[in-house]
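S.K.: Handing you a structure now.
The values are calculated or read from the model by the stated rules, or taken from the named source; none is laboratory data. This is a predicted model, so every value here is computed, not measured. Every residue, glycine as well, gets a Cβ built from its backbone with ideal geometry; the counts of neighbours run over all protein chains shown.
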Amino acid sequence: MSTAVIESNLTIDVEEILGKEAQGLLEHQAKVSKEHLHLPGVDFIDRVWVGSDRSPNVLRNMQSLFAHGRLANTGYLSILPVDQGVEHSAGASFAKNPAYFDGENIVKLAIEGGCNAVASTFGVLGSVARKYAHKIPFIAKINHNEFLTYPNKFDQIMFGNIRQAFDMGCVAVGATIYFGSPESGRQIIEVSEAFKQAHDLGMVTILWCYLRNPAFKVNGTDYHVSADLSSQANHLGVTIEADIIKQKMPENNGGYNALNTKESPYGKNDKRMYTDLVTDHPIDLCRYQVLNCYMGRAGLINSGGASGENDLFDAVKTAVINKRAGGMGLISGRKAFQKSIKDGVAILNAIQDVYLDKNITIA
């Protein structure tokens, strides 16, 4: 697609939406040079993945992700993820728009919204696989934290197997690990084995690299979203051969320092992590996440977060930070499906516009 066509199809004015934050986000110069990064682009697979151990089948399916939707052949990804019916309970997730109790409408939203792919549960995708698997790339989320056990617990368990995902036509599988939790050791082993099976069958692997431990909240600050700890989770994720990393946008830094006390030593860090590699600017914090994805060899897609009072501003800001940091896109669900289909499509298109806009450059 030519630049002229891309520009004429934009649905929003990014600078206008960002308002007073536009200059700080659009003109920031990053602490670590972009010259060190493996940046998204139309040639990303040939430039980055061809020399890896990924099979031709994996590379073909990876290309199918990159070749679909409004961001086709840009190297960027816009993915609609809906597994909240399990993770957050169906009633709490879909009461705002009951149409999404029917999983077919989830797939329809991804198609109408111009997404590269739809990520959902075995049940959702399996219920419509013959009708839609050839129309939009499927990503099966293979494990979940079910939210019905009393008292509530937080543990990702397998809801199906890799062969099921393959048989329903999925091009990729996704999984979550709660790094830092007591259950993380078992989850790392389970997901690593599942990812190996997925690669053997030619599927792409995507890891939700989330932190979970009540000790990560210190003196009123939530270090689950610290750049240093979340980035180490990314590094563990690419170590088990996740092709794409999904991570929350960092909101602070210094998690290691906050948790490491004389009475209770924690982890390892180097002061240069905080002085030479980052500033407190959100683009630098996000770039540190990219650095820990093998300098971008594994693409970083940040999550869109919960739906709030100003979803358009929040979604565009998050996309700008991710793109300028060297990330590969956004995976945004609740901001899109907890609205009418028309408004959900508008949010997804606004996110995609950030990646299509040639004036938004890598910092």
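S.K.: Going through Ser78, Ser55 one at a time, which residue ends up being among the hydroxyl-bearing types (Ser, Thr, Tyr), touching a residue at least 24 places away in the same chain (Cβ under 8 Å) and under 22 Å from Ile301 (Cβ atoms)?
M.R.: Ser78
Yes or no, residue by residue, for (1) of a type in the set (Val, Ile, Thr); (2) outside any helix (DSSP H, G or I):
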site: Val107; (1), (2): yes, no
site: Ala119; (1), (2): no, yes
site: Gly123; (1), (2): no, no
site: Glu146; (1), (2): no, yes
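S.K.: Oh, and also: Hey, among His235, His224, which residue is within 24 Å of Asp155 (Cβ to Cβ) and surrounded by fewer than 19 Cβ atoms within 10 Å (Cβ to Cβ)?
M.R.: His235
S.K.: Could you grab me the full set of residues in region 92-113 that are among the small types (Gly, Ala, Ser) and crowded, with 19+ Cβ neighbours inside 10 Å?
M.R.: Ser93, Gly103, Ala110, Gly113
S.K.: Out of Thr221, Thr176, report the one residue that is hydroxyl-bearing (Ser, Thr, Tyr) and touching a Gly at 6+ places or on another chain (Cβ under 9 Å).
M.R.: Thr221
S.K.: If you don't mind, there's one more thing I want to ask. Just checking, which of Ala298, Ala350, Ala336, Ala325 is surrounded by fewer than 24 Cβ atoms within 10 Å (Cβ to Cβ) and either among the polar types (S, T, N, Q) or in contact (Cβ under 8 Å) with a residue 24 or more places away in the chain (or both)?
M.R.: Ala350
S.K.: Is one or more of the residues making up region 169-183 part of a helix (DSSP H, G or I), without any contact (Cβ under 8 Å) to a residue 60 or more places away in the chain and either at positive phi or surrounded by fewer than 22 Cβ atoms within 10 Å (Cβ to Cβ) (or both)?
M.R.: No, region 169-183 has no match at all.
S.K.: If you take just the helices (runs of 4 or more DSSP H) that sit entirely in region 1-75, which of them hold at least 2 residues that are surrounded by 13 or more Cβ atoms within 10 Å (Cβ to Cβ) and at pLDDT 95 or above?
M.R.: 14-18, 22-26, 56-66
S.K.: Follow-up. Show me the helices (runs of 4 or more DSSP H) entirely contained within region 255-362 in which 1 or more residues are in contact with a Lys or Arg (Cβ under 9 Å, 6 or more places away or on another chain) and at pLDDT 95 or above.
M.R.: 255-259, 282-291, 311-325, 341-356
S.K.: When region 177-191 is examined, which residues are found to be of a type in the set (S, T, N, Q) and within 17 Å of Ile142 (Cβ to Cβ)?
M.R.: Ser184, Gln187
S.K.: Given (1) touching a His at 6+ places or on another chain (Cβ under 7 Å); (2) under 30 Å from Gly51 (Cβ atoms), identify the lone condition not met by Asn234.
M.R.: Exception for Asn234: condition (1).
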